[in-house]
1. If you check Val350 against the conditions, is it among the aliphatic types (A, V, I, L, M), under 25 Å from Asn187 (Cβ atoms) and open to solvent by less than 40 Å² (accessible area, probe 1.4 Å)?
2. Restrict the check to the stretch 159-166 and report whether at least one residue is among the basic types (Lys, Arg) and closer than 29 Å to Val74 by Cα.
3. Identify, please: which residue in the stretch 193-218 is touching a residue at least 40 places away in the same chain (Cβ under 8 Å) and within 19 Å of the chain's Cα centre (by Cα) and is, among those, farthest from Ser288 (Cα to Cα)?
4. What number of residues within the stretch 368-426 are among the polar types (S, T, N, Q), at pLDDT 90 or above and surrounded by 15 or more Cβ atoms within 10 Å (Cβ to Cβ)?
5. Any residue in the stretch 410-433 that is on the phi < 0 side of the Ramachandran plot sitting within a Cβ distance under 6 Å of a residue that is assigned to a helix (DSSP H, G or I)? List the pairs, counting only those 6 or more apart or interchain.
6. Among the residues of the stretch 216-250, write down those that are over 24 Å from Ser297 (Cβ atoms), assigned to a strand (DSSP E or B) and either open to solvent by 60 Å² or more (accessible area, probe 1.4 Å) or not charged (D, E, K, R) (or both).
7. Have a look at Ala221, Ala261, Ala233 and point out the one that is hydrophobic (A, V, I, L, M, F, W, C), touching a residue at least 40 places away in the same chain (Cβ under 8 Å) and over 30 Å from Ser356 (Cβ atoms).
8. Which of (1) open to solvent by 20 Å² or more (accessible area, probe 1.4 Å); (2) part of a loop (DSSP other than H, G, I, E, B); (3) of a type in the set (Phe, Trp, Tyr) is the odd one out, the single condition Tyr338 does not satisfy?
Amino acid sequence: LAGFGSLMQDVLWCFSQVKGTIDIGVTEADIISTVEFNHTGELLATGDKGGRVVIFQREQESKNQPHRRGEYNVYSTFQSHEPEFDYLKSLEIEEKINKIRWLPQQNAAYFLLSTNDKTVKLWKVSERDKRPEGYNLKDEDGRLRDPSMITTLRVPVLRPMDLMVEATPRRVFANAHTYHINSISVNSDYETYMSADDLRINLWNFEITNQSFNIVDIKPANMEELTEVITAAEFHPHHCNTFVYSSSKGTIRLCDMRTSALCDRHAKFFEEPEDPSNRSFFSEIISSISDVKFSHSGRYIMTRDYLTVKVWDLNMENRPIETYQVHDYLRSKLCSLYENDCIFDKFECVWNGSDSVIMTGSYNNFFRMFDRNTRRDVTLEASRENSKPRAVLKPRKVCVGGKRRKDEISVDSLDFSKKILHTAWHPSENIIAVAATNNLYIFQDKVN
């Protein structure tokens, strides 16, 4: 890990030290597909296309090495999912981890959910620093002893050993989704969670693996009449009966599970009327919502479509209260982005711990931050060249045309193969994790 620098002077939420750059590999399987802090921020989990989960733990602050200031180091690595084959549909099921969600810590062990396209697994991550010795029926190598040779009764004892972190699957929730799972969300009752695919949302109990309840089903009787799909879903952070899901049509539905068992009828419907003057061939594609997140307070919903991030008040359905342009300079590039399939990229968005700042990714390894109070924004770049230990992160600017200043980059020079789709924000501190292809960057705010 490394250290990092200042973004915007006089902006309190600016990030100012490269906390770390972690290279996870170079192959297709090593591309990071999800990033998630746990509820305390002490652990950070990443999932990749190879089905692996890597957990990083924050080191304790050291008086002797104050510059280390809680760096994240590898805590555990395990294979969560393996490639499978559905013989009934002649379909290969990828091992890629789509989402990771942590459960609040109840004891010394940690629990997390991970999912690929079809199967959700509940993992227990625990530490072991003692081992039992002195078995009666087994020798020290674990082999069974001849009972006739046992003449004395021994009491097994626990001996210290080197710390070992074990990851064990406690539950496997399978065979409930026909289509690819795009979201999982833990309910605030911590007894249930939901998993969403393109057309259905299922509600699970953590203790029951062979049965789930279908709470949303938008599949039409005739698939030729299909006009939209579910793109993301999340539970309300405080009310266990409320959840939202977004669609490829750019709409958000708020549902209340108290009204009926099947939430096909929404309680609230959030949609912004389209401006006819901006209508184009790409309008429907770029209006598709790729991520939806409740604020920590539960008062607001944040959505990310291809070009913008929007903040919605739960009490106002007809339009968002805030709209932030992420990379409006790409409007002139939509045709080429459509041809290289980049227009279908699914960017995520996150809140900071106080809901005052929003972060989301872009191309060329850029990520954007928007301060909701000051209305200021900044573009930063996560790259190995610019992220030397404790280096200052400098704001980046993109110029659309005309003369280009020295510190600007032309929109024609952007690298669309370098994209930041997945980001995470520490729940209480200004520490962020940014996944850029197969590299994980960890940044924290300026050290005074």
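1. Details: among the aliphatic types (A, V, I, L, M): yes; under 25 Å from Asn187 (Cβ atoms): yes; open to solvent by less than 40 Å² (accessible area, probe 1.4 Å): yes.
The answer is yes for Val350.
2. Step one: of the stretch 159-166, the residues among the basic types (Lys, Arg) are 159.
Next, from what is left, pick out any that are closer than 29 Å to Val74 by Cα: 159.
Yes, that holds for at least one residue.
3. Tyr193
4. From the stretch 368-426, those among the polar types (S, T, N, Q) are 373-374, 379, 383, 386-387, 410, 413, 417, 423; that's our starting set.
Now narrow it down to the ones that are at pLDDT 90 or above: 373-374, 379, 417, 423.
When the remaining residues are screened for being surrounded by 15 or more Cβ atoms within 10 Å (Cβ to Cβ), the result is 379, 423.
Residues in the stretch 368-426 being among the polar types (S, T, N, Q), at pLDDT 90 or above and surrounded by 15 or more Cβ atoms within 10 Å (Cβ to Cβ): 2 in total.
5. Val411/Tyr329; Phe416/Cys342
6. Hits for the stretch 216-250 are Val216, Ile230, Ser247.
7. Working: Ala221 fails: touching a residue at least 40 places away in the same chain (Cβ under 8 Å); Ala233 fails: over 30 Å from Ser356 (Cβ atoms).
Only one candidate passes the filter, namely Ala261.
8. Answer for Tyr338: the failing condition is (2).
The values are calculated or read from the model by the stated rules, or taken from the named source; none is laboratory data. Just so you know, these numbers come straight off a predicted model, no measurement behind them. In this analysis, Cβ positions are derived from the backbone assuming ideal geometry, glycine residues included, and neighbour counts consider all displayed protein chains. Keep in mind that these areas ignore ligands, DNA and RNA; they rest on the heavy atoms of the full protein, side chains included. Shrake-Rupley method; radii C 1.70, N 1.55, O 1.52, S 1.80 Å.
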